1. What is the mean projected area of the alpha carbon convex hull for region 140-234, to one decimal in square nanometres?
2. Just to confirm my numbers, what's the Cα centroid distance between region 184-202 and region 106-131 in Å?
3. State the volume of the convex hull built on the alpha-carbon positions of region 72-224, expressed per residue in Å³ and rounded to an integer.
4. What ranking do 41-53, 95-107 get when scored by the average of other Cβ atoms within 10 Å per residue, highest first?
5. Using a Gaussian network for the chain with springs between C-alpha atoms less than 10 Å apart, which of these wobbles most: Leu79, Leu65, Leu31?
6. Hey, what's the Cα Rg ratio for region 160-215 versus the globular rule of thumb, 2.2 N^0.38 Å?
7. Run the quick spin-label model on Ser107 and Glu123: label points 7 Å from Cα toward the beta carbon, then report their separation in nm to one decimal.
8. Given Cα positions, please report Rg to Rh for region 1-103, the hydrodynamic radius being the Kirkwood one.
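None of the figures in this text is laboratory data; all of them are computed from the coordinates on show. Note that the coordinates shown come from a computational prediction; the quantities given were computed from them, not determined experimentally. Methodologically, a virtual Cβ is constructed for each residue, glycine included, from the backbone with ideal geometry; neighbour enumeration extends over all protein chains shown.
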Amino acid sequence: MLQEIVTLLETVPEPARPNDYADAIVENNCLGKQTIATRRHSLQHLRELYSLDPAVPIFRIFRRLWADDPQSAPVLALLVCLARDPLLMSTAEAVIALPDGAEFQRSAMHAALVKAVGDRLLESTLEKVMRNAASSWSQSGHLEGRTFKIRHRLSPKPAAVAFAMYMAQAAGFQGEEILTSGWLKVLDCGSSEALELATLAKRSGLLDLKMAGGVFELKLDRLDPAMNDNMRGA
């Protein structure tokens, strides 16, 4: 739902409350849906994927980075959805492991989903999940083509790397292992490229990074000023 979240964020200005997003979708029909039922369904799905609640750090940071770098919206949105949708996350390896230019194989994604859910989903449901997942990976830029999808290597920007580092740290990665975590691999970043882009993110004021004498120190306080404000006001 990349276009939907982009349209919503363009429509609802900051500061915004959860009800502001709901009103924009249901009452004002900013997504252009034909019925109240489809508007409510869109709201539910967007809440599941993104939360639409500024009190949730992942959405708050996503919204901030999207405003700073709208061109990174596709991969920023993917990172949020990977964190919040276990089924999408289970398909990651089937896409990320493909070399640039390789043809995407549905069988690999099917096997990954079966491994994740066992026999809990009907085959028809698995097919739907695969279509949705392939669409998500296409919208993020990892896959290209319609009938035959081909793996495309990303060229991420500092904002996306800062967000991936936040995800990695939240998942428990520490020190230099953040640079080789799966969150950075989603961006097609090796450790050296990730470090280079993290340095650019530091210059943009998104994070603090120190590397000296074998010590890797990453601080992400700047990424979420709202959290810092709340802590100072506590």
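1. Directional mean of the projected Cα hull area for region 140-234 stands at 7.6 nm².
2. A separation of 31 Å, based on Cα centres.
3. Residue-normalised Cα hull volume stands at 111 Å³.
4. 41-53, 95-107
5. Leu31
6. 1.01
7. A separation of 1.5 nm, rounded to one decimal place.
8. Dividing the radius of gyration by the Kirkwood radius yields 1.01.
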